[in-house]
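Notes follow once the structure below has been shown.
None of the figures in this text is laboratory data; all of them are computed from the coordinates on show. Note that the structure is a prediction, hence the values are computed from the model and not measured. Virtual Cβ from ideal backbone geometry, glycine too; neighbours counted across all protein chains shown.
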Amino acid sequence: MTQQFGGVPIKGIHGVRVVRNLFEMNDILTDGNWPSNGPKFLAALSALIEQRVGRCSPKQVRIAFISAAIEADVLPDAFMEN
């Protein structure tokens, strides 16, 4: 669960946090502060679980996490331009 990725910046109440691995994705999605509980959020949580049991790749989890971040409007504009 510690596979590193290119960082995904997430806007939060304490500024911007750069999420770099599956552990950090899990942490930020489950700390109770994620601003959305929509379908993309639930899909990202599901992808994390699926990855733990070998049915989802880390790359798929990252994509699901970014989709959840878009849904919650927590990606900085500069990330969206890339």
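Here are the numbers for this structure:
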{"item": "Placed amide H near V19: partners under 5 Å, 5+ positions off or other chain", "result": "V8, I10"}
{"item": "Under the Karplus curve 6.51 cos²θ - 1.76 cosθ + 1.60, θ = phi - 60°, whole-Hz ³J(HN,Hα) for region 60-75, x wherever Gly or Pro sits", "result": "5, 5, 4, 5, 5, 5, 5, 4, 5, 5, 5, 4, 8, 6, 10, 8"}
{"item": "Summed side-chain charge close to D73 - residues other than D73 whose Cβ falls under 12 Å, Lys, Arg +1, Asp, Glu -1", "result": "0"}
{"item": "Coil-residue trypsin sites (Lys or Arg not before Pro) of the chain, DSSP, other Cβ within 10 Å capped at 15", "result": "R55"}
{"item": "Cα lying deepest toward the dipole's positive end in the chain, options L29, I66, L48, charges on Cβ", "result": "L48"}
{"item": "Dipole magnitude of region 8-79 about its Cα centre (Cβ charges: Lys, Arg +1; Asp, Glu -1), debye to nearest 20", "result": "260 debye"}
{"item": "Length-normalised contact order for region 8-79 - Cα pairs under 8 Å, 6+ apart - percent", "result": "39 percent"}
{"item": "Cα-based shape type of the chain, given that a ≥ b ≥ c are square roots of the gyration tensor eigenvalues and the cut on a/c is 1.5", "result": "prolate"}
